[in-house]
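To keep things clear, I will list the structure first and then write my remarks on it.
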Amino acid sequence: MSDKQDAQQSNPFGWPNLNIEQVLEQMREQFKVPGVDVSAILESERRNFEALQEAGKAMNEGWQALAEQQREIFESAVKRWQDSLTQGMPGSANEALERQSALSKEVIEEALTNMQKLSETAAGAQAKAFEVIRNRFEARMKELAGGAGDKASNT
């Protein structure tokens, strides 16, 4: 596998030539300071990157689910519209008006229900991504409270 493929595989965002592991290893070699556990600090930063990647993945999955729901809603609306055209409106003008009114009411209620479902899907994706970031933030605060060198291997 080429270096470019390795970088893309370790980096789901597809940033060209960005291999987080390689960058962290270079930084570890460059910043050797006596009395400072650079490895623990860089390990913590690696976990930060992983949390961001996981949050991005959660958001991406949420948006894909949202797009799928929108497609299903659109297909359902088109089918319903086609069905209403093929059924026609036989009977008197009053009967046709009553059926059309009832159909309009159903369509509006269905649209409101669908809007709520879409909103819930989007909120769920955002909540999942936020949870990932919040968990990493809390872990980082524990690392800082206990010293990066002491806690880096625990989180």
(Q) Going through S101, S44, S92 one at a time, which residue ends up being open to solvent by less than 60 Å² (accessible area, probe 1.4 Å) and free of Cβ contacts under 8 Å to residues at least 12 places away in the same chain? (A) S92
Q) Can you pull out the residues in region 56-70 that are open to solvent by 100 Å² or more (accessible area, probe 1.4 Å) and without any contact (Cβ under 8 Å) to a residue 40 or more places away in the chain? A) Q64
(Q) Could you check region 113-126 and list, in sequence order, the residues that are open to solvent by 60 Å² or more (accessible area, probe 1.4 Å) and either over 29 Å from G56 (Cα atoms) or not aliphatic (A, V, I, L, M) (or both)? (A) T113, Q116, K117, S119, E120, Q126
Q | Set E131, E120, E95: member being part of a helix (DSSP H, G or I) and modelled with pLDDT under 85 | A | E95
Q: Please specify each residue of region 75-88 satisfying the condition of being open to solvent by 70 Å² or more (accessible area, probe 1.4 Å) and over 30 Å from K57 (Cβ atoms).
A: K79, W81, Q82, L85, T86, Q87
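The values are calculated or read from the model by the stated rules, or taken from the named source; none is laboratory data. These numbers were taken from a predicted model, which means no experiment stands behind them. Note that we place each Cβ from the backbone using ideal geometry, even for glycine, and neighbour counts take in every protein chain shown. Areas reflect the complete protein model, heavy atoms only, side chains present, ligands, DNA and RNA absent. Shrake-Rupley method; radii C 1.70, N 1.55, O 1.52, S 1.80 Å.
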